[in-house]
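K.L.:
Right, I'll just put the structure down here and ask away after.
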Amino acid sequence: MQRVHLTFGPFVLDPEKGTLLRHEIPISIGHRGITLLATLAARPGDILTKAELMEAAWPGLAVEESNLTVQIATLRKALGPTDQGGDWIATVPRVGYRFTAPVERAEGSVQRPIAPSGKPTIAVLPFANLSGDQDQHYLSDGITEDIITELARYRSLVVIARNSSFQFRGPAPEAAEVHRQLGARYLVEGSVRRLGSRIRITAQLIDGASGFHLWAQRYDRALEDIFSVQEEVAALVASTVQGAAEADATSRSRRTPPADWAAYDYYLQGRAHYHQYEMDKGESMFTRSAELDPTFAQGHAYLAQCLVARFWYDRDPRTLQSALRSARTALLLDRNDGICNQSMGLVLVHMRQHGDAGLHFQQARTLNPHDVNIAGDYASWLNYGGQPQQSLAVLERAILLDPLPPVWFWEVKGSALFLLGRYADAIDAYRKAGDQFFIHAFLAAAYAHLGEMEKAHVAVEATLRLQPDLSLGYLAHLPFADPSSFEHFLSGFRKAGFL
């Protein structure tokens, strides 16, 4: 059964998918905002009581009427005025609200927008592991991710991020379905088979709209040649799609390949753990990779990121110094690598050297303009610097490339919304951000600012269950450069009951 979506003015609302597009650009209003807007837009012109709307958005819960008022105000701000200058949602005093505009209903799904730049959009689907060993999935996944990274260096292309394209793991999906869901005109598929000290990689480029195969290639190489294969696949894709690869634009940022296959193998295993947020295991793998090949820059860069993650828990200055050493080593080896600059920016943020951190994030974005993880860390830096509105803009652009962003994105987005005073939306975002102690602490602060003290205390208990020795002094270590933003969070922590 097809989904129903609602169109009004420049907006398309898909209630089931939970998306609102304006001129094909996603607008963030949170899941309760989606529910309220869908309830109102489904009955244009009708007066809906406050009780009806509260039951729709908070079914079975006893909540203050002020929550509805805040949500409606947030919706009005997100929608802006109608063409006539009025509100899309009118207040009916002492009764409820009414949706003022005509609404068209249509069956079907809302496609992901094609990149607004008009550049060709490409999705690289997970390469199949044909090695007969399930433990080798990290290898096929790692090769796929490296091809995504290579393609992201071509400024003439827009590349769908890993998190979204990897949802199509498994039996080969229909090209038209991927095109519909991700908005990708071109698809890259392939397979990997490891045969002792050799590797066989197949790759094919498909037109997502027509399903036609544009080219296919097979590579039988020694393991040590894997980087040249990845670069060749990326160059062939770019030249086929764009007409000519932008070699001059990518040569500055090309990675230096590892000299040792075993080092690269540990690096791929580390990255597999990294994407599962198993940072301790990732740290172990990246450490081993760096020991085997001290000249491989990205091994040091990812090690630095894992050490920063550990610093969030142990707050040991020696951990941060180790991260700094790894990030410096990575940059000395390859200062034209986006991930190396990203890692240094991440370390410097936590050392409160925000000016230098910003320079490295901006350099990383110049080198890898379509890297979603770099965009997320840059948005976090903007939050710490007191620029939450700019942070939201960066995140919305990144979500165009990654409809299913990494889970930590929601913490960054939640914090931007928190700093803007949009606490209910911040809570919606934080709830998607995973079961980390600091997420529960942020939730507690948001609930406290809303005056929902019972929920704030529950979040405090969840925080202390995961990090029993957490105190207000610990939370004061959050690396804010902007004093007012820091005080905004700190006052929420105090209200919630952290001591």
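K.L.:
Need the full-extension length gain, residue 325 to residue 232, defined as separation in residues times 0.36 nm minus the C-alpha distance. One decimal, nm.
P.N.:
Contour length minus Cα-Cα distance gives 30.2 nm.
K.L.:
Still on this structure, I have one more. Quick check: pseudo-label points 7 Å beyond the Cα along Cα→Cβ at residue 335 and residue 215, how many nm apart are they?
P.N.:
Rounded to a tenth, the inter-label distance reads 3.5 nm.
K.L.:
Now for a different question. About its Cα centre, how strong a charge dipole does region 121-251 have in debye, to the nearest 20, once Lys and Arg get +1 and Asp and Glu get -1 at the Cβ?
P.N.:
Using Cβ point charges on Lys, Arg, Asp and Glu, region 121-251 gives about 200 debye.
K.L.:
OK, next. Whole number please: convex hull volume per residue of the Cα set in the chain, in Å³?
P.N.:
159 Å³
K.L.:
Can you tell me the dipole magnitude for the chain around its Cα centre, using point charges on the Cβ only (Lys, Arg +1; Asp, Glu -1), in Debye to the nearest 20?
P.N.:
Once rounded to the nearest 20, the dipole reads 580 debye.
K.L.:
Okay, moving on. Highest first, please rank the peptides 262-268, 457-463 by the mean number of other Cβ atoms sitting within 10 Å of their residues.
P.N.:
Answer by packing, highest mean first, reads 262-268, 457-463.
K.L.:
To continue, here is another question. Between residue 82 and residue 55, what is the spin-label point distance in nm, taking each point 7 Å from the Cα along the Cα→C-beta axis?
P.N.:
2.7 nm
K.L.:
Show me the GluC sites (Glu not before Pro) within region 137-221 that DSSP assigns to loop and that have at most 13 other Cβ atoms within 10 Å of their Cβ.
P.N.:
Working: sites: 145, 150, 174, 177, 189; in loops: 174.
Here the GluC sites (Glu not before Pro) that fit, given the DSSP loop and packing criteria, are 174.
K.L.:
Please give the contour-minus-distance gain from residue 204 to residue 471: 0.36 nm per residue of separation, less the Cα-Cα distance, rounded to one decimal in nm.
P.N.:
Going from the current span to full extension adds 90.7 nm.
K.L.:
Pop a pseudo-label 7 angstrom from the Cα along the beta-carbon direction at both residue 31 and residue 315 and give the gap in nm to one decimal.
P.N.:
3.2 nm
K.L.:
Return a single number: how many Lys pairs in the chain, at a sequence separation of 8 or more or on separate chains, have alpha-carbon atoms below 30 angstrom apart.
P.N.:
So the count of such lysine pairs works out to 24.
K.L.:
With the radius of gyration and the Kirkwood radius both derived from the Cα set of region 401-499, what is their ratio Rg to Rh?
P.N.:
0.95
K.L.:
Please arrange 275, 31 by counting, for each residue, the other beta carbons lying within 10 Å of its beta carbon, fewest first.
P.N.:
Ascending number of Cβ neighbours within 10 Å: 31, 275.
K.L.:
For region 121-251, what is the convex hull volume of the alpha-carbon atoms per residue, in Å³? Kindly include the intermediate steps, with their values, before the conclusion.
P.N.:
Numbers: hull volume 12.5 nm³, N = 131.
Per residue, the Cα convex hull of region 121-251 comes to 95 Å³.
K.L.:
Could you point to the residue in 354, 491, 476 farthest towards the positive end of region 354-499's charge dipole, with +1 and -1 charges on the Cβ of Lys/Arg and Asp/Glu respectively?
P.N.:
491
K.L.:
Report the rotationally averaged projected area of region 280-410 based on its alpha-carbon convex hull, in square nanometres. Write out the running numbers ahead of the final one.
P.N.:
Numbers: hull surface 30.7 nm².
Here the figure is 7.7 nm², rounded to one decimal.
K.L.:
Right, here's the next one. Which Rg and Dmax, in Å, describe the Cα atoms of region 4-107?
P.N.:
In order Rg, Dmax, the Cα atoms of region 4-107 give 12.8, 37 Å.
K.L.:
Next up: Could you work out the relative contact order of region 256-369, using alpha carbon pairs under 8 angstrom and six or more residues apart, expressed as a whole percent? Don't skip to the answer; put the middle values down first.
P.N.:
Values: 174 pairs, mean separation 23.1, N = 114.
Relative contact order for region 256-369 comes out at 20 percent.
K.L.:
Here's another thing I want to ask about it. Could you work out [θ]222 nm for the chain from helices alone, using -39500 (n - 2.57) per DSSP H run of at least four and dividing by all its residues? Round to the nearest 500 deg cm²/dmol.
P.N.:
The helix contribution divided over the chain gives -16500 deg cm²/dmol.
Here, each number is a calculation from the coordinates, and none is a lab measurement. This structure is a prediction, so every number in the text was calculated from the model and none was measured. Virtual Cβ from ideal backbone geometry, glycine too; neighbours counted across all protein chains shown.
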